[in-house]
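Below is one structure, written out as structure tokens, with a few remarks after it.
The values are calculated or read from the model by the stated rules, or taken from the named source; none is laboratory data. Quantities reported herein were computed from a predicted structural model and do not represent experimental measurements. Counting neighbours? That spans all protein chains shown, and the Cβs are built from the backbone with ideal geometry, glycine included.
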Amino acid sequence: MSANVFVWVEQHAGKALPVAWEALGLARQLAGEGQVTALVFGQGVDAVVQEAFAYGADAAIKAEDATLEHFRFEPYVALLTKLVQEHQPNIVLAGATTAGRELLAGTAADVEAGILTDVTELTLEAGKLHAVRPVIGGKVLSVETITADGPQFATLRARAFKAAERVEGRSGEVHEVAAVLAEDAIPTKITQIEETEGGVSLTDASIIVSGGRGVGGPEGFEPVRALAEVLGAAVGASRAAVDAGWIPYEHQVGQTGKVVSPDLYIAAGISGAIQHQAGMRTSKVIVAINTDPEAPIFKLARYGVVDDLFEILPALTEIFKEKLS
């Protein structure tokens, strides 16, 4: 069985998101003897195209235009819809980021095709996609199948799939296409972009150290940050800590924040409300530190410590400093 697979490579300022390479790795498995085509939209994206070949793409479709410099729903959907209609790929994949979900949903609606979202497992059986994805805050795994004919769309949860091994020197044919919409025809405009300085992306992090109500205040995140720095980890937080103004929203993990799947998730002073569990339940190893032995987070944790986080986190930081030095 073979399939022709499109993969949208999401990139910002010439740097692709890791989930794009994970999608390419899965695409290579699904395609069999078919072709994997990377879709790269933006400006100054030649390096991203070459990187896509290194991660397994057989071909690339590149669209460079000022209207595509930053993701906007209208020009991106118009372009992807045109490409899907012209080339009729069997499968279209993207990361389940905000942009990836919007883009594939928009085009799937345009071409009246089925879409599977935020999937953690994906297979191709008799030409149809079969997916597993968490629902109801991650408490239930839903098994879903696309039954309609035509292109099939799916967005992939970050870190749920393994990227193909990078092979330097791989190349392929690059097809250049024009943008579909002129600037005057696009109703939305980008007036300002604010960049977050430093830190590790929560979505991409293999290790996350999170703090909750138990840290007691903004200064309570200092031991959380110290441990994260030693481990090369991202700093997360519960909604309670964010709502209290102790840490910016960009650090929030949960149903109304980021959904993460790191190899290691350390929850310090987090009780583990269902909303928080929805954002980190799929972590491979969960370590909980809380003074309340009845905290719900302990039901998820592989390792639990019933103690004061202000005693445990500094001790862990010193141990890891010594071990990792």
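General remarks:
- Scanning region 237-271 for residues being free of Cβ contacts under 8 Å to residues at least 40 places away in the same chain, surrounded by 22 or more Cβ atoms within 10 Å (Cβ to Cβ) and among the small types (G, A, S) gives a total of 5.
- Across region 1-36, the qualifying residues are those that are in a strand (DSSP E or B) and closer than 21 Å to F73 by Cα, and the one among them that is farthest from the chain's Cα centre (by Cα) is F6.
- Residues in region 190-230 that are surrounded by fewer than 15 Cβ atoms within 10 Å (Cβ to Cβ) and among the aliphatic types (A, V, I, L, M) were compared, and the one that is modelled with the highest pLDDT is I190.
- Residues that are among the β-branched types (V, I, T) and either at pLDDT below 90 or out of contact with any helix residue (DSSP H, G or I) (no Cβ under 6 Å at 6 or more places or on another chain) (or both) within region 141-166 comprise V143, T145, I146, T147, listed in sequence order.
- Considering region 85-135, the residues that are among the β-branched types (V, I, T) and over 21 Å from R281 (Cβ atoms) include one that is surrounded by the fewest Cβ atoms within 10 Å (Cβ to Cβ), namely T123.
- Yes/no for G44 being part of a loop (DSSP other than H, G, I, E, B) and either in contact (Cβ under 8 Å) with a residue 40 or more places away in the chain or out of contact with any Cys (no Cβ under 6 Å at 6 or more places or on another chain) (or both): yes
- When region 296-313 is filtered for residues that are out of contact with any strand residue (DSSP E or B) (no Cβ under 7 Å at 6 or more places or on another chain) and either in contact (Cβ under 8 Å) with a residue 60 or more places away in the chain or crowded, with 19+ Cβ neighbours inside 10 Å (or both), only F310 remains.
- So D58, is it over 25 Å from T191 (Cβ atoms) and surrounded by fewer than 16 Cβ atoms within 10 Å (Cβ to Cβ): no
- At least 1 residues being aromatic (F, W, Y) is the threshold, and among the helices (runs of 4 or more DSSP H) wholly inside region 221-325 those reaching it are 297-300, 309-324.
- When residues in region 22-55 are screened for being of a type in the set (S, T, N, Q) and buried (at least 22 other Cβ atoms within 10 Å of the Cβ), 1 of them pass.
- Some residue of region 85-95 being under 23 Å from the mean Cα position of the chain (by Cα) and within 20 Å of I186 (Cβ to Cβ): no
- Selection from region 145-158 of residues that are buried (at least 16 other Cβ atoms within 10 Å of the Cβ) and either more than 26 Å from S283 (Cβ to Cβ) or of a type outside the set (K, R) (or both): I146, P151, Q152, F153, A154, T155, L156, A158
- Meets criteria (assigned to a strand (DSSP E or B), under 20 Å from L83 (Cβ atoms) and not assigned by TED's automatic domain parsing to the domain that holds V260) for A63: yes
- Here A94, A105 are screened, and the one residue that is in contact with a Gly (Cβ under 6 Å, 6 or more places away or on another chain), among the aliphatic types (A, V, I, L, M) and under 21 Å from F71 (Cβ atoms) is A94.
- Checked against the criterion of being touching an Asp or Glu at 6+ places or on another chain (Cβ under 9 Å), assigned to a loop (DSSP other than H, G, I, E, B), not assigned by TED's automatic domain parsing to the domain that holds E86 and not polar (S, T, N, Q), the candidates G214, G199 yield just one match: G199.
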